[in-house]
Amino acid sequence: MREELCEAPIVSVLVPVYNVEHFVESCLRSILGQEVDGLEVIVLNDGSTDGSREIVGRIADEDARVRIIDKDNSGYGATLNRGLDEARGEFVSIVESDDEMVEGALPELLRLAREYQADVVKGDFIYWWPTDEKLTRQAHEVSPDLCKGLVDTRLDMRVYSIRSTIWSALYRREHLERNAIRFLETPGAAYQDTSFNFKVFATSERTAFTEQPIIRYRQDNAASSIHSKGKADAVGVEFDEIDRWLDARADEVGHDEQVNESLVQRFNAYLWNLDRLDDELGLAFLQSIAKQYHDFEKSGRLDLDSGAWDLWRMGNLRSIQHDPERYLKLRRRFRGESALQKMRFAYAIGGLVLLTAAVHNKLSRK
């Protein structure tokens, strides 16, 4: 039976598509299989040159809930802004075209949105290795204590410890429009979700959370960025936008805490990107981090006594500022996911004090 689009959709799911012919059908099927009324799926074809357009066209012919927007290639941010303009639903969700939506995820997000009259509902996700299911695991980014009721994320900074993802959530469209929350339209597809995600939580008085995974986040289609300084720099552009936005909202609720948290999250993002760069680019990147945070501190923007900076992060920052080359060598030497390697790294850069801080940091995240 051919599914028809209702006149007034309840939820609009945005799916940006660019050369994903091997994945897009399973992605769309996972969304269309969600048992919700009033669904529209907006496929944003960003100038695909492979067979993606043909595949989504066939699915749209079968199911009127799928609407295709064809556009010239203009990058991730511009593509999703077009989707926000086209969306007609009360709520908006975003799904990457190489991922899949978990069965029952969308009904759960909608249930929580209605139960709590939430402007944002945030769920967990699954690290998904379709080629090696032994590696597949739930992220457990959303802690149980966040799921006990509504959270005012303008003031509660715990939300910023969750990975900055836009695709395991539901957004009330009116909230996005009222707060003029859009994506930066920078070229390519590098970190444009960062400032969007920050602004969403920094303006939401009514956020609900669920431990239920929403998305299977594919891990076997990641393009290597190890030699891409441009992508590493792009995350700085996103945080520059966050700083600009915060400075324009100095009288808003939670402003000071958000400024402190933005600098913490900038630092976290920088370190994550550092591990994707080769040694030459990595050293130059660390030198720029050292200078930038020196300037933040000198201007008074960086307040290491604010409580936002724990001893572990502060120790890493001071080590980078003191000797970026040594920090990089030690980070490369002790690179690894094991707790033992991380403890060795902590001891190497900061002795027993930082080792103790690293253990405390790890335990506090459990």
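Structure values in brief
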item	result
Top-ranked residue in segment 321-359 [being under 25 Å from the mean Cα position of the chain (by Cα) and of a type outside the set (Ser, Thr, Tyr); ranked as surrounded by the fewest Cβ atoms within 10 Å (Cβ to Cβ)]	Glu337
Checking Arg88 against (1) within 21 Å of Glu211 (Cβ to Cβ); (2) among the basic types (Lys, Arg); (3) touching a Ser or Thr at 6+ places or on another chain (Cβ under 7 Å), the condition it does not meet	(1)
Matching option when the condition is at pLDDT 95 or above, assigned to a helix (DSSP H, G or I), open to solvent by 10 Å² or more (accessible area, probe 1.4 Å) and out of contact with any strand residue (DSSP E or B) (no Cβ under 6 Å at 6 or more places or on another chain), among Leu84, Leu110	Leu84
Test for Tyr160: is it out of contact with any Gly (no Cβ under 7 Å at 6 or more places or on another chain), part of a helix (DSSP H, G or I), open to solvent by less than 60 Å² (accessible area, probe 1.4 Å) and within 26 Å of Asn273 (Cβ to Cβ)	yes
Only one of Asp124, Asp70, Asp98 that is touching a Cys at 6+ places or on another chain (Cβ under 8 Å), over 14 Å from Ser12 (Cβ atoms) and either modelled with pLDDT of 95 or more or not in a helix (DSSP H, G or I) (or both)	Asp98
Selection within segment 278-302 - closer than 13 Å to Arg266 by Cβ and either of a type in the set (A, V, I, L, M) or not in a helix (DSSP H, G or I) (or both)	Ile289, Arg301, Leu302
Which numbered condition Tyr76 misses (of (1) open to solvent by 40 Å² or more (accessible area, probe 1.4 Å); (2) modelled with pLDDT under 95)	(1)
Odd one out for Arg244, checked against (1) under 15 Å from the mean Cα position of the chain (by Cα); (2) surrounded by fewer than 20 Cβ atoms within 10 Å (Cβ to Cβ); (3) of a type in the set (Lys, Arg)	(1)
Segment 321-347 - residue that is among the small types (Gly, Ala, Ser) and farther than 20 Å from Ile289 by Cα and, of those, modelled with the lowest pLDDT	Gly336
Hey, Val56 surrounded by 15 or more Cβ atoms within 10 Å (Cβ to Cβ) and not in a helix (DSSP H, G or I) or not	no
Residue list for segment 177-203, restricted to those being touching a strand residue (DSSP E or B) at 6+ places or on another chain (Cβ under 9 Å), open to solvent by less than 10 Å² (accessible area, probe 1.4 Å), outside any loop (DSSP other than H, G, I, E, B) and not aromatic (Phe, Trp, Tyr)	Val200
Of the criteria (1) at pLDDT below 95; (2) touching a helix residue (DSSP H, G or I) at 6+ places or on another chain (Cβ under 8 Å); (3) surrounded by fewer than 16 Cβ atoms within 10 Å (Cβ to Cβ), which one Trp272 fails	(2)
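The rows are residues; the columns are (1) assigned to a helix (DSSP H, G or I); (2) free of Cβ contacts under 8 Å to residues at least 40 places away in the same chain.
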{"residue": "Leu304", "(1), (2)": "no, yes"}
{"residue": "Trp309", "(1), (2)": "no, no"}
{"residue": "Met314", "(1), (2)": "yes, yes"}
{"residue": "Ser319", "(1), (2)": "yes, yes"}
{"residue": "Arg331", "(1), (2)": "yes, no"}
{"residue": "Phe345", "(1), (2)": "yes, yes"}
{"residue": "Ala358", "(1), (2)": "yes, no"}
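The values are calculated or read from the model by the stated rules, or taken from the named source; none is laboratory data. Small disclaimer: the values here were computed from a predicted structure and weren't measured. Methodologically, a virtual Cβ is constructed for each residue, glycine included, from the backbone with ideal geometry; neighbour enumeration extends over all protein chains shown. For accessibility, only protein heavy atoms count, side chains too; no ligands or nucleic acids. Shrake-Rupley method; radii C 1.70, N 1.55, O 1.52, S 1.80 Å.
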